[in-house]
Number of protein chains: 2
Amino acid sequence: MSYYRAPLDNINFTLFDVLDAGRLAQCERFAEATPETLKAIIEEAGKLAENVLLPANKAGDSQGCSYDPETHSVKTADGFKEAYQTYREAGWSGLTASPEFGGQGLPHLLKFTIDELVCSSNLSFGMYPGLSHGAISALTEHASPELQQQYLGKLVAGDWSGTMCLTEPQCGTDLGLIRTRAQPAADGSYEITGTKIWITGGEHDMVENIIHLVLAKLPDAPEGTSGISLFVVPKFLLDGSRNTVFCGGLEHKMGINGSSTCVMNFEGARGWLVGEPNKGLRCMFTMMNAARLMVGIQGLGLAETGYQVSLDFARQRLQGRSVSGPKNPDGPADPIIVHPNVRRMLLRQKVIIEGSRAMVYWTGLHLDLSHADADEDRRHKSDDIVQLMTPVVKAFLTDEGFFSCDQALQVMGGAGFTRDWPVEQLLRDGRIARIYEGTNGIQALDLVGRKLLMRGGRLPGTYNAEMNDMLAGVGNEEHKQACGVFMKSLNNALTWLMSNAMTDPEQAATVAPILLRMYALTTLAVLWAKMADQSQKPETTEQYSSGFLQGKRKAANHFFSLFTPEIQALEVELSAGKDTIMAFADEEF
Amino acid sequence: MSYYRAPLDNINFTLFDVLDAGRLAQCERFAEATPETLKAIIEEAGKLAENVLLPANKAGDSQGCSYDPETHSVKTADGFKEAYQTYREAGWSGLTASPEFGGQGLPHLLKFTIDELVCSSNLSFGMYPGLSHGAISALTEHASPELQQQYLGKLVAGDWSGTMCLTEPQCGTDLGLIRTRAQPAADGSYEITGTKIWITGGEHDMVENIIHLVLAKLPDAPEGTSGISLFVVPKFLLDGSRNTVFCGGLEHKMGINGSSTCVMNFEGARGWLVGEPNKGLRCMFTMMNAARLMVGIQGLGLAETGYQVSLDFARQRLQGRSVSGPKNPDGPADPIIVHPNVRRMLLRQKVIIEGSRAMVYWTGLHLDLSHADADEDRRHKSDDIVQLMTPVVKAFLTDEGFFSCDQALQVMGGAGFTRDWPVEQLLRDGRIARIYEGTNGIQALDLVGRKLLMRGGRLPGTYNAEMNDMLAGVGNEEHKQACGVFMKSLNNALTWLMSNAMTDPEQAATVAPILLRMYALTTLAVLWAKMADQSQKPETTEQYSSGFLQGKRKAANHFFSLFTPEIQALEVELSAGKDTIMAFADEEF
C-alpha cells in the first residue's frame, strides 16, 4: 500500500538550498513564511498525502464515480468523502487565500509543494480542491465585494467547492464558439441556459454546495471571444433553494476515474455577473494561468511516484546477472538495477523529475515575488518570468511526466502492465494533463504568439539575464560550458524566429512546440548546474547525506550527456520550418 | 463503428511496387503466390477485419474475460466466439502451415499483412490464433512425427489452439530461474508440475482443446538456461480425458482485456518431450523469433488505426481559424487539420507507420526468401537480414506504434481521452507489446550481444550491401545524400562499438537501445527514399491516385527533415557511452 513517501529532502533542497526560498520571509506580506514554518507545513502535508490521500487512490480508479439519473447526483469512490473531510478540517483549502475571507495568506510556492504531494498520492482527489482554488482566485480578483462576501468564506473553508465551466460540445480550444446564453432578469441576476461538458467536480457528494463559474454570452454580445461574460452560478441559492443546474451524466475516461467529469445542464439557472460584461475571458484567464502551473505540477507529482515505485522494484526484483560479473552472488540472480538499460530508464526519470521540480518551484517563487517583492522593477521582472514560463511548465512537465511514468512502467516489465501495481494508473491518469487547461500545442502557441511579443518583446531578455545570474555563481566550468551550448541553441532559435516568423505566422505556429521544449531544456540545464554547485556548499552538505548530494552532481553530468545532443538537434529541426509540414494537400495525408 | 478501413492501397504499394514481392512466385515453393492471388487474399482479410473482428473489439475491452473458479473456465467477451468461428471456417488459421497437415503453405509475408489487418481491428482477438501459430511452428520444426501427427492437424484447422508457457512468478526475462519440473513416467511421458503466469489464451471458450507448450526442468538438469526442456501438454488428452492443467485465475491488466492472460497450474499434468532434453530454449526461440516479428506488427496495426481515426477527426472537427486566413469561411471555424501543430502530429504518424510497414514487410520478404530462394548464397543473406532485423522490428515498431497512438490521442484532445472513441484503448492495448516476447531492452541486447557477432560479424555488412542496392536505383540526389547521413552515423556508431565495447560489455549493453534505434531509422530512411522513387515509376503511377503518390514523396521529404537531426544526435549520445549511467551508487539514485 505505502508505495510513496513524500520526498521531503528533495523538496527542501530545491526550495531552500537551490532557490533560496527563505527570501520570501523578507517580503512584508510573507513575514511569517520562514523556512522553519514552511518546512513544518510541508512535512504535515506529506503525512496527509501518505496516510490519507494515498490509501483512497486505488478505489478512486477502480470504482470511479457513479451517477444517479433520478436525482442527478454523483457519488464519489470509497474513502474520498472521509479524505476530503480530513483535508478540509486541517485547513488545507485556504492555504493561499486572503485572510480577509479566512485564508492563511501563505505563498503560492508553498501551495506548489503541497500540490505536488497531493498529485503524487491521489491526483483524482486533488482535482476537487484544485478547482475550488481556481474559483477562489477568480472571485477574489474579479467579483464585486457583495459576491465575494457571499461566496468566498465557504469556498475558502472548503465547505463548498468550485468549478470552471468553459467547454461545450462544439467548443473546446475555440471558446469563441460558445452557445450558452445569459438572459438578464429584473433583479439584476441572469438566467443561464446551455450545456457544458468536461466539468471537473460539476457534481459530487463531498460538500454542501457547488459554485460554478460559467462562461456565457449576453444577448447581442459581439461575435467570438470578445463577447463572452463570466457568471457565478451556485447549485443551491443562498436561501437554500435548488438552482436549475443539473448534472446530466459523467464522462467515461481513460483515467482520473476518481474525479467526476460531468456534463452540466443549465436550465435557466440563476447566476450573477463576475467582472464586466463581455470581459469574461480575461477573468477566466486569471484562473487558467494559475491552473496551468498546477497542471504542470500534476505531471511532476505522478512522475515522482512512478520513479519511487520503479526504483524500489528495480532494487528488489532479481533477474539475470550483471554483464560485469555477479553483484548478488549469494542470490539466484542480481537485482535488475545493475543492468545498464534499467539504469538508463531510472536515471532519465531522475534528471527529468528533479530538474522539473526546480523549474516549477523557481516559477512559483517568482509568482510570489511578482506580488510581494518590495522593489517594483524586481516585481515586474518576476512577472516576466512567470508569464514566459507558464506555458513551458505546463506543457513540458505534463509531457515529460507522462513519459517518465512510461519509463517507470517499462522498468517493471509485465508487472507494470498489471493493475496489481500503481504505475499503469499513473500513466492513464497523467494522459489528460497534456490536454486540459489548453492542450500542449496551445501552450506552445501561447509562448510564441503571446509571451514572446508581450511588453515589447522583453521577456526573453529577462529570462536570459536570470539564467546568466544563476550561472555566474556556478564553479564547475564544464557545466557552465554545457549550459552555454543550450543558451546558444535557444538564442539561435529565437533569431531564426525573428527572421522567418515575423512575416509568416505559420512558421511561428509550426516551430512553437520545438521552441517551447528548448526553453524547458535550457532551464533544466541551468538549474542542474546550479543544483550540482549548491550540493557542495557547506550550508548544504551539513543537512543531507553524502549519497543524496553526490547523486545531484552525477545526475547533472547525466543530464548534460543526455540532452546536449538533443538541444542541438532541436535547433536544426526548428530551422527547417514549416515547408515539409504545410506542403500536404488534404488527399495527400 | 466503422472507424477503420483496411489500407489496401498502402499494403499493395509496399508489397508489389516497392518491395517487388512478385518475385516470391518465382520460387518453386510459392509458385501459386502470384500478386493477383495475394492481393485477392489480402482483400478478403480486409473484409474479415472490418466486418467481423472490428465489431467485437469494444466488447473485448469493456467486458474482458471472466473466470469461474468453480470450473476453472474462462469466458471470452461477446462476439469473440462467433468471430473465431468465422475466422476458423474461412481457413485463416492454416495460412502458412505445411500442406502436409492441412495448411496452405503460403508465404510468411502474406501472413504479416493479414496480421496487420487483424491487429488493427482487434488485437486481443489476434492473440489467440497468434499463439496457435507459434505452437504450430514449434511442433513443425522440433516435435517427433508422432506428436506432429497427433496435434498439428487440429491446430492448423483452428479446432484447437496453442499456448507458450514460459514465465513464472520468479522468472520473466531470466528463464534460467524456472522451477517447473518434469518427472519421467513409465510410459515415456512426463508429469509436469509448477505454476506458469502470463499465459495468453491459457484457458478460453472458443476451441475444443488447448495445447500448451511448456518449459520445464528434468530431474538433475543442469543449472540455468541449458537445463530447460520443452513439453507439449494438452488440456484434454487424446482419449478425451481431462489433463491436470488448470487455469488458476486471470491477470487484471491495463489493456488487451479481450485476451485471456492466465495463471496456469500444472498439477502433475501429462506431457511429452518436444525435441531433445535440455534443448528446450532453442526450440522456444524458433517460436519466439517468429513471435517477435508478429509483436512488431501489433505496434504497426494499432498505429494504423490510430492514424485513421485521428486523421478523420482532424478533417471534421471545426475549431479555430488557420493563422494564414480562414480555410472554411462559410463554417463557424476551420477543420483542425489546417493547424500546423495538428499536421505535425498527423505527419509524424504517417511517416512512422508507412516507413515501419515497409521495414517489417521487407523483413518478411527476406524471411520467405531465406527458405525459398533457389540460390543458397541469397538464402543465407536473406537470413542475415531476418536475424539482424528481428529485434529492430520488434522494439522499434512497438515503441513507435505506442507513441504514434499517443499522437493520435493528442490530435483528438479531450475526445481522445474518453472511452467513446477507440484511441485510448489502442494506447492501453499497445503498451504491452513493448514488454512481452522480450522487453525492448532485451531486443537491444539481442541485437548488440548476439546478432552483431553472429556468423563472424557479417550481418552488418549484408545489411549495408542491401541498403546500397536499394539506394542505387534512387534518382533523387537529395534523398540519396540524406540516406548517406543516416548510414554514416550508423557506421560511426558501429565503429565506436568495435573500439569501446569489445573489451567492456557494459558499454555495449548501455548503448544497445541507441544503436537499435539507429538501425531502425536508417532502414526507414532508405525505404522512404525508395518509396518516393517508386511513386514516380510508370508501372506504379497507373495504379494509384496522384494524391496518394504525391503524399509519398512529400512524406519522404518530411521524414528526412524530422529525423536527420535525430540520427546525428543519437550518434553523439551513443558515443558518450556508459560513464554517466554506471557512475551511480545505489544510494545516489
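The values are calculated or read from the model by the stated rules, or taken from the named source; none is laboratory data. Everything numeric here is computed off the predicted structure, so don't read it as measured data. Ideal geometry is used to build each Cβ from the backbone, glycine not excepted, and the neighbour counts take in all protein chains shown.
So which residues in region A:250-301 are among the β-branched types (V, I, T) and at positive phi, if there are any at all? Write out each step before concluding.
As a first pass, look at region A:250-301 and keep what is among the β-branched types (V, I, T): A:256, A:261, A:263, A:274, A:286, A:295, A:297.
Hit for region A:250-301 is A:I256, nothing else.
So which of A:E36, A:E50, A:E44 is more than 23 Å from the chain's Cα centre (by Cα), of a type outside the set (F, W, Y) and not in a strand (DSSP E or B)? So that I can check it myself, show each step before the final result.
Working: A:E50 fails: more than 23 Å from the chain's Cα centre (by Cα); A:E44 fails: more than 23 Å from the chain's Cα centre (by Cα).
Answer to the selection: A:E36.
Within the group A:T167, A:T163, which residue is touching a residue at least 24 places away in the same chain (Cβ under 8 Å), more than 14 Å from every other protein chain (Cβ to nearest Cβ) and under 24 Å from A:E276 (Cβ atoms)? Spell out the reasoning first.
Working: A:T167 fails: more than 14 Å from every other protein chain (Cβ to nearest Cβ).
Only one candidate qualifies: A:T163.
Quick test for you: out of A:L570, A:L521, pick the one residue that is within 21 Å of A:M359 (Cα to Cα) and at the interface with chain B (Cβ under 8 Å from one of its Cβ atoms).
Testing whether each residue is within 21 Å of A:M359 (Cα to Cα) and at the interface with chain B (Cβ under 8 Å from one of its Cβ atoms) leaves just A:L570.
Before we move on, is B:D383 touching a His at 6+ places or on another chain (Cβ under 9 Å) and surrounded by fewer than 24 Cβ atoms within 10 Å (Cβ to Cβ)?
Considered against the rule, which asks whether it is touching a His at 6+ places or on another chain (Cβ under 9 Å) and surrounded by fewer than 24 Cβ atoms within 10 Å (Cβ to Cβ), B:D383 comes out as yes.
Which residues, counting only those in region A:467-503, are within 14 Å of another protein chain (Cβ to nearest Cβ) and at pLDDT below 95?
Once the filter is applied, which keeps residues that are within 14 Å of another protein chain (Cβ to nearest Cβ) and at pLDDT below 95, region A:467-503 yields A:A501, A:M502, A:T503.
I'm checking my understanding of the structure. Among residues of region B:67-92 that are surrounded by 13 or more Cβ atoms within 10 Å (Cβ to Cβ) and among the hydroxyl-bearing types (S, T, Y), which one is nearest to B:S260 (Cα to Cα)?
My answer is B:T76.
Tell me the residue from B:K537, B:K552 that is more than 27 Å from B:N492 (Cβ to Cβ) and at the interface with chain A (Cβ under 9 Å from one of its Cβ atoms), please.
Working: B:K537 fails: at the interface with chain A (Cβ under 9 Å from one of its Cβ atoms).
Answer to the check: B:K552.
State whether the residues of region A:285-300 include one that is under 14 Å from A:R343 (Cβ atoms) and within 14 Å of another protein chain (Cβ to nearest Cβ). Spell out the reasoning first.
To start, the set of residues in region A:285-300 that are under 14 Å from A:R343 (Cβ atoms) comprises none.
No, region A:285-300 contains no residue that is under 14 Å from A:R343 (Cβ atoms) and within 14 Å of another protein chain (Cβ to nearest Cβ).
On the given criteria, is A:L562 of a type outside the set (V, I, T), more than 11 Å from every other protein chain (Cβ to nearest Cβ) and under 19 Å from A:L347 (Cβ atoms)?
No.
Restricting to helices (runs of 4 or more DSSP H) lying wholly in region B:387-464: which have 2 or more residues that are more than 12 Å from chain A (Cβ to nearest Cβ)?
The qualifying helices (runs of 4 or more DSSP H) are B:454-457.
Assess whether B:L147 counts as being in contact with a Leu (Cβ under 8 Å, 6 or more places away or on another chain), closer than 29 Å to B:G280 by Cβ and either outside any helix (DSSP H, G or I) or not acidic (D, E) (or both).
Spelling it out, B:L147 is indeed in contact with a Leu (Cβ under 8 Å, 6 or more places away or on another chain), closer than 29 Å to B:G280 by Cβ and either outside any helix (DSSP H, G or I) or not acidic (D, E) (or both).
Which one is nearest to the other protein chains (Cβ to nearest Cβ) among residues in region A:316-347 that are over 20 Å from B:K578 (Cβ atoms) and not in a loop (DSSP other than H, G, I, E, B)?
Taking the candidates together, the pick is A:L318.
Regarding A:E251, is this residue in contact with a Ser or Thr (Cβ under 9 Å, 6 or more places away or on another chain), within 14 Å of chain B (Cβ to nearest Cβ) and of a type outside the set (V, I, T)?
The answer is yes for A:E251.
If a residue has to be assigned to a loop (DSSP other than H, G, I, E, B) and buried (at least 19 other Cβ atoms within 10 Å of the Cβ) to count, how many in region B:532-552 make the cut?
Count: 1.
For region B:416-436, check the following and say yes or no: at least one residue is in contact (Cβ under 8 Å) with a residue 40 or more places away in the chain, farther than 28 Å from B:S260 by Cα and either surrounded by fewer than 24 Cβ atoms within 10 Å (Cβ to Cβ) or in the same structural domain as B:A512 (by TED's automatic domain parsing) (or both).
For region B:416-436, residues in contact (Cβ under 8 Å) with a residue 40 or more places away in the chain, farther than 28 Å from B:S260 by Cα and either surrounded by fewer than 24 Cβ atoms within 10 Å (Cβ to Cβ) or in the same structural domain as B:A512 (by TED's automatic domain parsing) (or both): absent.
Picking from A:A143, A:A157, which residue would you name as being surrounded by fewer than 20 Cβ atoms within 10 Å (Cβ to Cβ), modelled with pLDDT of 95 or more and more than 19 Å from the chain's Cα centre (by Cα)?
Being surrounded by fewer than 20 Cβ atoms within 10 Å (Cβ to Cβ), modelled with pLDDT of 95 or more and more than 19 Å from the chain's Cα centre (by Cα) holds for just one of A:A143, A:A157, which is A:A157.
In region B:170-181, which residue that is touching a Gly at 6+ places or on another chain (Cβ under 7 Å) and within 17 Å of B:P277 (Cβ to Cβ) is nearest to the other protein chains (Cβ to nearest Cβ)?
So the residue we want is B:G176.
At positive phi and not hydroxyl-bearing (S, T, Y): is that true of A:G364 in this structure?
So A:G364 fails the test.
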